[in-house]
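Each value in this text was obtained by applying a stated rule to the coordinates, not by laboratory testing. Computed from a predicted model, the values in this text were never measured in an experiment. Counting neighbours? That spans all protein chains shown, and the Cβs are built from the backbone with ideal geometry, glycine included.
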């Protein structure tokens with residue numbers, strides 16, 4: 001924490017100056033960037049964010065650009081604080097988990113509302129339709145330039161007691177990570193409990209939750225395959241996040257640095273998406289002890305088989321509950337934006353209550 005306070009102090013000085021302190025033209029000294037990344041210990045950060053900023057970027061720039069990165073949950077920052085600290089410039093470059101900032105700007109979560117994306121091809125299609133609006137919102141509402149959109153693996157349901165499908169969640173206390181996940185669980189008769197990712201294991205061990213919605217592989221990483229017994233692989237959401245820059249800090253970068261980041265960050269984005277899809281399948285395989293498990297710890301969990309009716313029930317709940325409740329929080333402007341960008345693809349129009 002002391003080290004991170006020193007880092008934040010240097011970031012504040014950097015933001016106050018309005019630009020990185022070292023110019024490329026000065027005595028061959030490298031441009032130094034300070035990054036606050038996503039969740040520690042999960043694949044997105046360990047296998048992609050950290051290597052890109054600490055190894056790949058210096059190599060790609062020929063040593064002209066170097067970076068330091070720290071995961072936000074090891075930096076004393078809660079995920080819902082990331083939007084504000086980037087907006088203020090205290091963190092010039094950082095990763096924002098969109099599900100955790102819905103209270104500030106619920107419109108940003110339109111592409112990954114709970115129950116909307118049962119698989120990754122559907123998620124890709126919906127994000128492609130909404131991405132121009134997402135980038136516009138970030139720039140105009142928050143002064144943040146979106147440089148990449150990341151995704152976590154499918155957010156699936158782990159439980160400490162047997163269940164066959166979604167109908168069996170009624171009456172159970174379920175950890176959720178976003179307001180729309182909470183809407184979905186309430187519609188199923190469950191009791192949503194909002195907690196940070198770092199608090200999941202203590203919540204399960206204390207018995208304060210019966211089930212957890214989180215990533216299939218990230219759940220394996222923190223030990224849910226040992227603390228729970230059953231898993232439903234149906235995706236509730238996927239966990240989109242943006243990597244963005246404070247506009248003043250971004251515009252102050254040399255043009256060559258901006259071009260390099262614009263060229264290379266899409267490749268990082270593609271690698272993270274490919275890994276998220278693999279990790280979804282690997283997470284289920286490892287948690288249930290299948291032979292295909294290569295990247296995680298072998299568990300012995302049972303799979304909640306559900307039924308074909310579960311998928312249709314989720315779609316009905318989305319139309320009758322999740323979308324209308326999101327519109328209540330989001331307002332009239334979101335009705336227009338949804339109907340313009342998402343409704344033609346989803347096939348469900350939004351209306352004000």
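Observations on the model:
- Whether segment 215-341 is rounded, prolate or oblate, judged on the alpha carbon gyration tensor where a/c under 1.5 counts as rounded: oblate
- Computed label-point distance, nm, for sites residue 195 and residue 333 using a 7 Å Cα→Cβ extension: 3.5 nm
- Distance between segment 211-253 and segment 85-104 - C-alpha centres, whole angstrom: 16 Å
- Full-stretch length increase - residue 298, residue 136 - with 0.36 nm per residue and alpha-carbon distance subtracted: 54.0 nm
- For segment 129-205, averaging the sequence separation of C-alpha pairs within contact (under 8 Å, six or more residues apart) and dividing by the residue count gives a relative contact order of 20 percent.
- Rounded if a/c under 1.5, otherwise prolate or oblate - segment 156-197, Cα gyration tensor axes: oblate
- Angle in degrees between helix 120-142 and the longest Cα principal axis of the chain, rounded to the nearest 10: 50 degrees
- Summary value for the chain: 21 percent relative contact order, contacts being C-alpha pairs under 8 angstrom separated by 6+ residues.
- Cβ crowding within 10 Å ranks 230, 141 as 141, 230, fewest other Cβ atoms first.
- Sites residue 226 and residue 271 - FRET efficiency at Förster radius 25 Å, r taken between beta-carbons, to 0.05: 0.30
- If the chain linking residue 40 and residue 311 were pulled fully straight, counting 0.36 nm for each residue of separation and taking away their Cα-Cα distance, it would gain 94.3 nm.
- Mean separation of Cα contacts under 8 Å, 6 or more apart, over the residue count of segment 249-348: relative contact order %: 11 percent
- Neighbour-count order for 183, 275, fewest beta carbons within 10 angstrom listed first: 275, 183
- Counted by neighbouring Cβ atoms within 10 Å, the residues 318, 243 run from fewest to most as 318, 243.
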